[in-house]
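Below: one structure, written as structure tokens.
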Amino acid sequence: MNTTTESRKRIPVGDLRGALPKLAVLLALLAALLAWSGIRQWRDARLLEDVEHARDRAVEAVQASHAAQVKQLQQRLASAPVKAALAANDPAAAVAAVREGWAGVEHVEILEGGLQAAYDDAAAFGFSKLALLEAGMQGDAVATRVVKDGKKTAFGMAAAVPQGVLYVSVPLARLTAGFDGVALPAGGYLALRQGGYSIQQRGDSQLSDGAERMAHAVGKTGLRVATAAPDSESGPLGLGAIPALVVAALLAGLAIASVVVARGGVRVGRFGKKGAEMHDMDEPTLGEALLRDPPPAPTARAGSADEEADAYRQADAKTVEVDPGIFRAYDIRGIVGASLSIEVAELIGLAIGSVMRDEDLMDIVVGRDGRLSGPDLAGGLIEGLRKAGRNVIDIGLAPTPVAYFGAYHLRAGSCVAVTGSHNPPDYNGFKIVVGGQTLSGDAITDLYERIRDNRLYLAGVPGDLQQRDVSADYIQRIADDVQLERPLKIVVDAGNGVAGDIAPQLLEAIGADVIPLYCEVDGTFPNHHPDPSEPHNLEDLIQTVKRFDADLGLAFDGDGDRLGVVTKEGAVIFPDRLLMLFAADVLERNPGALIIYDVKCTGKLQGWVLRHGGTPMMWKTGHSLIKAKMRESGAELAGEMSGHFFFQERWYGFDDGLYSAARLLEILANRAETPSEVLAELPDGVSTPEIKVDVREGTPHAIVERFVEGAEFEGARLSTIDGLRADWDDGWGLVRASNTTPILVLRFEADTTAALERIKTEFRTRLQALAPELKMTF
């Protein structure tokens with residue numbers, strides 16, 4: 001026997017048995033902890049499932065109640081007595097016929113179409129009731145809304161009639177009875193909401209802030225049912241309910257086995273051929289065992305040639321078709337149900353989380369606009385981000401600039417806004433900031449390639465999730481810096497987009513007198529499309545400004561990052577002229593500052609900035625491209641013809657329609673002239689809005705490239721940084737390919753109408769020769 005063998009130390013079996021009771025206690029404690037965690041998670045999951053079922057039943061109940069009341073009114077409008085009274089121009093008889101036999105109806109009235117009496121004292125009449133009547137006159141359908149009728153909250157309905165508009169109100173209980181009757185499990189929360197107002201709520205009201213995450217729309221009624229359950233914490237080591245229970249059972253089994261062995265129920269010695277127990281001194285040590293039977297040489301794991309590959313594990317084998325076409329130049333955008341789904345959103349979350357992991361970033365803010373698909377897509381995105389190990393701060397319903405603000409305010413540095421921006425209701429998408437940089441171009445393409453190649457990082461432990469509301473912080477931050485020298489009366493048209501929830505509060509906080517128009521958040525956009533760059537979307541705002549004799553009208557797009565402005569006379573102030581006003585203000589405090597504008601802006605901007613002591617720079621169109629250029633160049637201000645404004649001075653440099661509105665009112669309130677007079681002083685010419693020419697999918701860039709190749713505009717200075725812009729001494733023209741939709745974008749401006757027509761003709765002639773199949777709209 002050699003020296004090593006003689007000197008080795010052994011642990012006697014008796015000592016091992018003595019340690020087993022302590023081990024059994026430890027195993028039992030761990031088993032109990034995991035079992036408790038598993039049961040708690042299972043209970044929380046059941047509560048969440050029950051609360052979701054309650055929400056779905058509440059949606060069905062409210063929709064049925066809503067449909068029943070609308071049907072009542074439709075039947076009465078179609079009845080012979082009502083038709084006869086309206087035909088005879090007898091409103092009193094029509095009102096009486098509508099009331100006849102309608103148990104519980106509170107108010108029936110026919111108002112003249114101009115609604116002048118209502119507008120004369122709109123605050124007393126009720127803005128919500130006024131908005132309902134305006135909606136009722138827009139078409140043949142019955143408009144509905146929960147309204148303040150006198151001192152009561154009621155369910156109101158309105159329908160157009162030859163004499164104006166018929167208004168009917170019934171007790172709110174007619175709408176909410178079904179909602180009140182739905183069984184809600186203890187610990188849950190349920191709310192019936194319209195815009196930012198909770199009509200009825202039940203359960204634990206402390207959960208109200210996080211309820212929007214699981215809100216479902218009540219058809220196309222403008223109502224929604226929001227719900228929430230207490231957050232469920234993951235188990236030890238990130239184990240879910242079933243894994244925790246399985247591991248608990250295994251540990252309990254080991255604890256029992258340890259007790260049995262400790263009591264001698266199982267012999268632990270090694271036995272010889274005759275069954276006699278051999279002496280514990282004959283047990284081999286671990287070293288001897290390895291010498292007798294060396295382990296097999298380790299084999300290299302496939303795909304682990306470098307440490308980076310080791311960090312990534314393959315995502316679920318479940319196949320989800322992802323359309324590469326939704327990955328655009330500035331963001332991700334698609335049609336819900338066709339190219340966007342919860343599963344696609346989860347993969348996008350995994351891809352963003354993987355990029356963050358590469359950059360050693362942990363925290364990310366997620367907000368969403370008011371579209372009906374928002375809660376589901378935000379939920380899928382958050383699930384993907386958490387699977388990638390990222391900690392998510394869900395700020396719920398919030399304009400895109402508020403999500404950007406949240407990334408700074410909460411020191412996350414990264415955020416995703418789930419938004420379809422100004423697109424139709426069935427669109428949605430994602431605007432993404434990682435580490436302070438807005439993703440665009442190749443960075444967006446990289447997200448798709450990660451999904452396509454399955455290069456998605458899956459963390460062993462999911463990231464945390466918390467809910468925060470930063471709206472009050474956002475308003476406070478701006479109001480602490482911006483206050484009006486004198487009050488201005490402003491009409492705010494949010495187009496039923498998410499800005500309607502916060503814009504009136506913000507502008508009132510800085511000292512404005514605000515009249516809200518279409519500020520109830522409704523993802524169906526029932527009144528007009530939320531795109532202030534299209535003049536026809538501003539018609540209602542212009543009329544409302546005139547009705548209320550307001551100083552100014554402000555319009556926001558669907559996610560609140562763009563601004564439109566109209567004067568009390570009804571003039572639309574294009575964003576490039578607003579940029580002149582902003583530039584003059586910024587340059588007063590920052591002489592020589594760089595001011596960036598996109599290729600669609602007026603040719604008068606360059607001279608204006610120079611005369612005010614600044615440095616002008618024209619750049620490519622696109623909010624993410626402008627932000628990248630600002631970061632690179634240190635510009636204090638930038639703007640786009642689309643209505644995006646970017647303030648680095650006194651703000652954070654991201655595009656923010658709400659903040660831009662506050663800065664605009666600050667400038668106007670500081671001047672002795674009226675807002676209309678100040679805006680009329682800005683240089684102007686004869687110009688067109690953005691002109692859009694439809695082309696086949698995938699062809700706009702190729703058409704523009706061919707246009708640039710053969711371009712010969714005598715006497716013009718040509719710029720090709722984004723499409724082709726030709727500047728003459730008396731005007732300019734532009735054609736560029738949209739990076740988001742299959743269209744060509746054109747714009748023209750000149751000193752005179754004749755010069756404008758000449759430039760338009762030059763562009764139209766060249767385009768028709770190049771692509772005769774195009775339908776010219778200019």
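Some values worked out for this structure:
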{"read-out": "Approximate spin-label separation residue 19-residue 68, in nm, with each point projected 7 Å along Cα-to-Cβ", "value": "7.2"}
{"read-out": "With eigenvalues of the C-alpha gyration tensor scaled by 5 and rooted, region 322-400, Å", "value": "19, 16, 11"}
{"read-out": "Full-extension gain in nm, residue 717 to residue 26, via 0.36 nm per residue minus C-alpha separation", "value": "240.6 nm"}
{"read-out": "Whichever lysines have a C-alpha closer than 16 Å to that of residue 220, once near sequence neighbours (fewer than 8 apart) are set aside", "value": "71"}
{"read-out": "Potential extension, residue 338-residue 483 segment - 0.36 nm per residue separation minus Cα distance", "value": "47.6 nm"}
{"read-out": "Set of lysines with alpha-carbon distance to residue 152 below 21 Å, sequence-local pairs under 8 removed", "value": "129"}
{"read-out": "Efficiency of FRET between residue 323 and residue 505 - r from beta-carbon atoms, R0 41 angstrom, step 0.05", "value": "0.60"}
{"read-out": "Region 676-750 and region 395-471: distance between their alpha carbon centers, rounded to Å", "value": "32"}
{"read-out": "Percent carbon-and-sulfur accessible area, the chain, ignoring ligands, DNA and RNA, probe 1.4 Å", "value": "53"}
{"read-out": "Cα→Cβ-extended label distance, 7 Å offset, between residue 358 and residue 513, nm", "value": "5.6"}
{"read-out": "Solvent exposure, largest accessible area first (probe 1.4 Å, DNA, RNA and ligands not counted), of 619, 651", "value": "619, 651"}
{"read-out": "Qualifying lysines (Cα of each under 26 Å from Cα of residue 627; at least 8 residues distant if same chain)", "value": "431, 600, 604, 692"}
{"read-out": "Between 0 and 90°, nearest 10: helix 13-77 axis offset from the chain longest Cα axis", "value": "20"}
{"read-out": "Stretchable slack from residue 633 to residue 137, in nm (0.36 nm times residue separation minus alpha-carbon distance)", "value": "173.5 nm"}
{"read-out": "Computed over the chain, Cα set: Rg, Dmax in Å", "value": "33.3, 123"}
{"read-out": "Area of residue 434 that stays accessible when all protein chains are in place (1.4 Å probe, Å², to 10)", "value": "10"}
{"read-out": "FRET efficiency, residue 260 to residue 36 (Cβ-Cβ, R0 30 Å, nearest 0.05)", "value": "0.75"}
{"read-out": "Relative contact order of the chain, pairs being alpha-carbon contacts under 8 Å that are 6 or more residues apart, as %", "value": "9"}
{"read-out": "Förster radius 30 Å - calculated FRET efficiency between residue 123 and residue 534, Cβ distance, rounded to 0.05", "value": "0.50"}
{"read-out": "Stokes-Einstein D in µm²/s, Kirkwood radius over Cα pairs - region 611-745 at 25 °C with 0.890 mPa s viscosity", "value": "141"}
{"read-out": "Cα→Cβ-extended label distance, 7 Å offset, between residue 688 and residue 242, nm", "value": "6.1"}
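The values are calculated or read from the model by the stated rules, or taken from the named source; none is laboratory data. Not measured: the values here are computed from a predicted model. Glycine also receives a Cβ, built like all others from the backbone with ideal geometry; neighbour counts cover every protein chain displayed. What goes into the accessible areas is simple: the full protein's heavy atoms, side chains included, and nothing from ligands, DNA or RNA. Shrake-Rupley method; radii C 1.70, N 1.55, O 1.52, S 1.80 Å.
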